[in-house]
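Reviewing the structure listed below.
The values are calculated or read from the model by the stated rules, or taken from the named source; none is laboratory data. Here the structure is a predicted model, which is why all the values come from computation and not from measurement. Virtual Cβ from ideal backbone geometry, glycine too; neighbours counted across all protein chains shown. Surface areas here come from the heavy atoms of the whole protein model, side chains and all, with no ligands, DNA or RNA. Shrake-Rupley method; radii C 1.70, N 1.55, O 1.52, S 1.80 Å.
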Amino acid sequence: AKKAGPGTVCFFEQADDKASRDRKALQADLEGAIARDELFLVFQPFLDLDGNRITGFEALLRWQHPQRGLIPPSEFIGIAEETGLIHEIGEWVIRRACMTLADWPVDIRVAVNFSAAQFHNAGILQTIVQALADARVEPHRLEIEITESMLLSKYGSAASILNALLQLGATVALDDFGTGFSSLTYLRKLPFSRIKIDQSFIRDMLVQPDCAAIVKSVISLARDLRIGVVAEGVETADQLEYLRQFNCDEVQGYLISRPVPADGVLALLDTKQVR
Ligand code: C2E
Ligand code: CA
Ligand code: CA
Ligand code: CA
């Protein structure tokens, strides 16, 4: 092992200290973020490839920090999960997503991302039922997105909440498909309405033939299972062309639209819907 020079240890300790102080500060700020109205949602469309029309939007969380500016979810969802704040934030997201959806045309859906902790919270069903009722939104217009890793622990309770959601009329999508380890088992055992092929596959599809083969197979698997399939992270016209050839249902990505604020949704529907 390399011998650390004098001062090295001290340097790393300071760096660590700073990181942890930073994190604590962010955590303290996050606690009041909802009350101060600093959280907001942006919405990214799903484009159906048959009809060339927008079939819904995924709600993505943002934090407008008064000093640090716009903070992406990758920088604060983890903190929210560790501190338990995710329950309050998650409830806010569902309620806001349903309220926003209430202004959209009736045949499109909103998809909301879930954290594992939320999914294992006993009160979650009641929260969803209440959010739908308060916004007067029909349950089938709400989709919950979960990842495979969330199913790894407490599989039993996850399955029962999943089934209860379906009973309610909501739908569940399997997000980041292909990045976990037991995808196929879950597909066989749980009633997903849709799978979302992870963007890493779409990104490498045109440069790695193996990757294209996987994407093609996943799409045909979804078709055989009679569930929907979305390709995430579509950035180029070439990728879109391939996905059309493979008969993919829906695509999502910067090529179609970046996520837009709530007040941009109706305008986007106007420009993309009529073709
Ligand atoms: P995700 O659910 O897989 O969302 C897709 C992410 O990819 C989003 O990042 C989106 O802005 C980005 N994206 C969309 N199209 C493209 C593209 O063409 N190219 C590239 N490079 N990226 C694209 P975002 O909004 O930063 O969200 C990151 C992750 O944070 C999400 O990944 C999701 O896991 C989590 N997240 C977002 N909102 C929420 C929320 O309300 N609750 C929870 N629990 N997690 C959330
Ligand atoms: Ca998602
Ligand atoms: Ca994803
Ligand atoms: Ca279709």
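Remark: the Arg21-Lys154 segment gains 44.6 nm on full extension, using 0.36 nm per residue and subtracting the alpha carbon distance. Using every pair of distinct Cα positions in the chain, the Kirkwood expression returns a hydrodynamic radius of 20.2 angstrom. Taking all protein chains as they are arranged and a probe of 1.4 Å, the heavy atoms of Lys154 leave approximately 130 Å² accessible to solvent. Dimensions of segment 236-275 along the principal axes, based on C-alpha atoms and rounded to the nearest Å, stand at 33, 19, 15, largest first. Please label the shape of segment 153-265 as rounded, prolate or oblate, based on the square roots a ≥ b ≥ c of the eigenvalues of the alpha-carbon gyration tensor (a/c under 1.5 means rounded; beyond that, a/b larger than b/c means prolate, else oblate). It comes out oblate by the Cα gyration axes. Of the residues Met99, Met205, ranked by 1.4 Å probe accessible area with the largest first, the sequence reads Met99, Met205. Spin-label model, Asp270 to Tyr254: label points 7 Å out along the Cα-to-beta-carbon direction sit 2.7 nm apart.
With viscosity 0.890 mPa s and temperature 25 °C, the Kirkwood radius over alpha carbon pairs of segment 32-186 converts through Stokes-Einstein to a diffusion coefficient of 150 µm²/s. For Tyr254, the solvent-accessible surface with a 1.4 Å probe is about 120 Å², rounded to the nearest 10. Solvent-accessible area per residue in segment 82-230 equals 46 Å², computed with a 1.4 angstrom probe and all protein chains kept. 7 Å from Cα along Cα→Cβ at both Phe40 and Asp224: what's the point-to-point distance in nm? My value for the distance between the label points is 4.6 nm. Expressed as a whole percent, the accessible surface of the chain that belongs to carbon and sulfur atoms is 52, based on a 1.4 Å probe. Exposure check, 1.4 Å probe, all protein chains in place: Glu88 carries approximately 100 Å² of accessible surface.
Placing Leu166, Leu49 in order of accessible area, with the largest value first and a 1.4 Å probe, yields Leu166, Leu49. Annotation: extensible slack from Thr185 through Ser74 equals 37.2 nm (criterion: 0.36 nm per residue apart, minus Cα-Cα distance).
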